[in-house]
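A.B. asks: One structure is given below, represented as structure tokens, and several questions about it will come after.
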Amino acid sequence: MSEMTTESEERKTGKELYSYQKGAINKIFKSFEDAPEDYHLLYQLPTGGGKTVIFSEIVRQYLKHHNKKVLVMTHRIELCKQTSKMLTGFGVVNKVVDSKANLDDQEEYSCFVAMVETLNNRLNEDKLDISDIGLVIIDEAHYNSFTKLFKFFEKSFILGVTATPLSSNMKLPMKDNYNELIVGETIESLIENEFLARAEVFAYNMGLTSLEVGSNGDYTVKSSEDLYTNQDMLGKLLDAYKKHSLGKKTLIFNNGINTSLHVFDTFRAAGFPIAHLDNTATKKQRNQILKWFKETPNAILTSVSILTTGFDEPTVDTIILNRATKSLTLYYQMIGRGSRILKNKSKFSVIDLGNNLYRFGPWGADLDWQKIFNSPNYYMDKLLNDEEIESKFKHEMPEELRAEFANSEEVYFDIKDTYIQSVKNGQSSKVVLEQSIAQHAKICIENSEDIYDALGLAKMLGEDINYRIQAYAKCISKSTHNFLTWLKDDYRKKLNTYLRDNFDTLFEEIHGRPPED
């Protein structure tokens with residue numbers, strides 16, 4: 001390829017490029033010049049960094065300097081249309097190869113935009129002449145649907161573009177299809193230079209061990225639906241919204257249509273303006289819902305994964321991950337939907353109800369994409385599973401309950417640590433529960449004036465007791481349902497007995513005076 005022009009002065013239409021975008025184009029052109037004609041190059045740039053702008057300018061310059069054609073491939077019809085529009089904006093006349101396209105005039109075009117499945121059919125039917133295509137650009141290149149088309153382009157330079165160079169199928173790593181990865185600007189750099197908004201994350205500790213992993217390596221829709229449609233989870237979602245996003249434009253991602261419909265019903269019953277969108281909506285319905293979402297300042301939109309790519313709505317203020325995922329790509333795509341910047345918007349909120357922050361780390365953390373590209377299994381194997389994540393949680397009382405124990409500096413008791421100490425000291429594991437009961441009794445008495453107050457507070461500790469019993473059962477590797485039920489009942493009885501037997505003595509020790517009669 002010939003060298004690119006220093007500025008875009010020759011361009012009659014199109015957008016002004018930022019310096020980092022020009023730098024990326026220079027790097028990519030350099031690789032084109034030095035490499036063989038069938039080279040496969042992968043370029044990584046975060047969502048919101050303007051990859052469509054970059055490859056549109058590449059197409060413009062390539063066609064200017066070469067007597068060959070260009071093909072741009074996407075995996076969704078919306079992306080096809082957006083890409084075609086952007087190319088037109090750069091002065092590149094292009095033809096969209098969709099299922100209705102008439103290809104009789106294909107010789108008049110030097111640039112084609114096609115959806116992968118349609119293109120596959122047209123190529124297998126020999127309807128599209130690709131003999132003079134010198135450059136193939138693949139948008140969202142981490143999707144594996146594209147690899148089946150590579151056999152048609154053995155003499156073309158292939159440029160894959162993605163925000164996350166990690167294959168959607170771990171059995172088909174990207175390094176098997178691409179010779180080299182060029183890493184673009186980091187999310188942190190784009191935030192610092194005010195190209196992206198900063199994410200403020202509110203992560204909740206979620207119990208997800210009931211989720212099952214399917215053949216695609218991610219959590220199954222069925223196990224997600226079973227968990228996220230129960231009243232506790234829907235209540236937690238509503239509370240999180242009220243606390244962190246009340247009155248703000250909010251996009252909720254779910255794993256399953258049924259979950260999204262439950263979310264819709266829950267928010268509507270609570271009087272909030274909400275719409276539901278899934279892939280069964282007609283084009284007209286989709287456009288109406290997205291228009292309403294754009295124009296309504298406090299709108300809430302609940303959906304499944306259809307808005308993770310090709311959807312740009314800068315006015316989104318909060319992203320709620322009402323699901324867990326094991327896909328780094330999906331994690332980055334979902335959060336990326338809130339990262340578009342506006343004049344009065346430099347940050348956005350993320351409410352994580354799927355332990356995703358604990359699994360992948362913060363969105364925009366400095367990931368080593370070269371290492372992930374070269375050793376995807378090494379990266380995936382290092383991710384913590386749900387049991388490991390949850391074993392690190394420190395159980396916290398809900399705020400309303402914590403207010404009942406306002407006189408106590410600390411209400412947390414570390415079962416696991418106490419168990420380890422008891423083993424080291426050669427004591428029976430029963431010591432752990434004895435010490436736990438004594439600590440529960442102490443915080444009850446710290447916040448009471450008489451035994452009745454203390455017994456009332458002990459009754460409110462049900463969830464706290466259940467959590468401690470489960471942690472204890474894990475320590476002693478014994479967790480049958482009957483054993484746990486017996487242990488929870490026995491704990492409650494012993495706590496009440498302990499309070500009755502020791503209330504006067506402990507009250508005087510704690511308060512420095514005898515209890516009132």
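What follows is calculated from the coordinates using simple rules that are stated; it is not laboratory data. Model, not experiment: these values are computed from the prediction. Every residue, glycine among them, receives a Cβ derived from its backbone with ideal geometry; neighbour counts consider all protein chains shown.
A.B. asks: When every alpha-carbon pair in region 195-391 is counted, what percent end up more than 29 Å apart?
C.D. replies: On the way: 3937 of 19306 pairs.
That fraction is 20 percent.
A.B. asks: Another question, then. So what's the back-of-envelope 222 nm ellipticity for the chain, counting only DSSP H runs of four-plus at -39500 (n - 2.57) apiece and dividing by all residues, rounded to 500?
C.D. replies: On the way: 20 runs with 227 residues, N = 517.
That calculation yields -13500 deg cm²/dmol at 222 nm.
A.B. asks: Let me ask something else. Please rank 349, 436, 145, fewest neighbouring Cβ atoms within 10 Å first, as an exposure proxy.
C.D. replies: Details: 349 18, 436 23, 145 15.
Ascending number of Cβ neighbours within 10 Å: 145, 349, 436.
A.B. asks: In Å³ and rounded to a whole number, note down the convex hull volume per residue for the Cα atoms of region 151-264.
C.D. replies: Values: hull volume 21.7 nm³, N = 114.
It is 191 Å³ per residue.
A.B. asks: Could you calculate the FRET efficiency of residue 246 with residue 430 from 1/(1 + (r/R0)^6), where r is the beta carbon distance between them and R0 is 35 Å, rounded to 0.05? Show your work: numbers first, answer last.
C.D. replies: Details: r = 47 Å, r/R0 = 1.34.
The calculated FRET efficiency here is 0.15.
A.B. asks: Let a ≥ b ≥ c be the square roots of the eigenvalues of the Cα gyration tensor of region 19-185; is it rounded (a/c under 1.5), or, if not, prolate (a/b larger than b/c) or oblate? Mind showing how you got there, number by number?
C.D. replies: Working: a/c = 1.41, a/b = 1.19, b/c = 1.18.
In terms of gyration-tensor shape, rounded.
A.B. asks: A 25 angstrom limit on the alpha carbon distance is what I want to check against. Which of 442/493; 30/85; 95/283; 242/326; 127/284 exceed it? Spell out each step's value before the answer.
C.D. replies: Values: 442/493 16 Å; 30/85 27 Å; 95/283 22 Å; 242/326 27 Å; 127/284 31 Å.
Those over the limit are 30/85; 242/326; 127/284.
A.B. asks: Still on this structure, please answer the following. Suppose a student asked you for the relative contact order of region 19-185, using Cα pairs under 8 Å spaced at least 6 residues apart; what percent would you report?
C.D. replies: Values: 266 pairs, mean separation 59.8, N = 167.
This gives 36 percent for region 19-185.
A.B. asks: Another question, then. Note the full-extension length gain between residue 452 and residue 169 as 0.36 nm times their separation in residues minus their Cα-Cα distance, in nm to one decimal. Before the final figure, lay out the partial values.
C.D. replies: Values: separation 283, 0.36 × 283 = 101.88 nm, distance 6.00 nm.
Full extension from residue 452 to residue 169 adds 95.9 nm.
A.B. asks: Considering amide H positions built from the backbone, and no H for Pro or chain starts, which residues 5 or more places from residue 133, or on another chain, come under 5 Å of its amide H?
C.D. replies: It is 69, by chain and number.
A.B. asks: When you count, for each residue, the other Cβ atoms within 10 Å and take the mean per peptide, how do 149-161, 474-486, 26-38, 232-244 rank with the highest first? The partial results should precede the final answer.
C.D. replies: Details: 149-161: 18.9, 474-486: 11.6, 26-38: 14.3, 232-244: 15.9.
So the peptides 149-161, 474-486, 26-38, 232-244, ranked by packing, come out 149-161, 232-244, 26-38, 474-486.
A.B. asks: I need to check one value: relative contact order of region 275-349, counting alpha carbon pairs closer than 8 Å and at least 6 residues apart, in percent. Intermediate values should be presented prior to the final figure.
C.D. replies: Numbers: 67 pairs, mean separation 21.9, N = 75.
Over region 275-349, the number comes to 29 percent.
A.B. asks: Name the shape class, rounded, prolate or oblate, that the alpha-carbon gyration tensor gives for the chain, where a ≥ b ≥ c are the square roots of its eigenvalues, rounded holds for a/c under 1.5, and otherwise prolate holds if a/b is larger than b/c and oblate otherwise.
C.D. replies: In terms of gyration-tensor shape, prolate.
A.B. asks: Going by alpha carbons, how many degrees (0 to 90, nearest 10) lie between the helix axis of 257-269 and the longest principal axis of the chain?
C.D. replies: 60
A.B. asks: Could you work out the relative contact order of the chain? I mean the mean sequence separation of Cα pairs under 8 Å and 6+ apart, divided by the number of residues, in percent. Kindly include the intermediate steps, with their values, before the conclusion.
C.D. replies: Values: 769 pairs, mean separation 65.3, N = 517.
Relative CO of the chain lands at 13 percent.
A.B. asks: If you don't mind, another one. Please state the shape class of region 221-260: rounded when a/c is under 1.5, otherwise prolate if a/b exceeds b/c and oblate if not, all from the C-alpha gyration tensor.
C.D. replies: Values: a/c = 3.74, a/b = 1.73, b/c = 2.17.
Judged from the Cα gyration tensor, region 221-260 comes out oblate (a/c at least 1.5, b/c at or above a/b).
A.B. asks: On a straight-distance basis, which lysines could pair with residue 394 in a cross-link, Cα separation under 19 angstrom, same-chain partners fewer than 8 positions away excluded?
C.D. replies: 236, 416, 474
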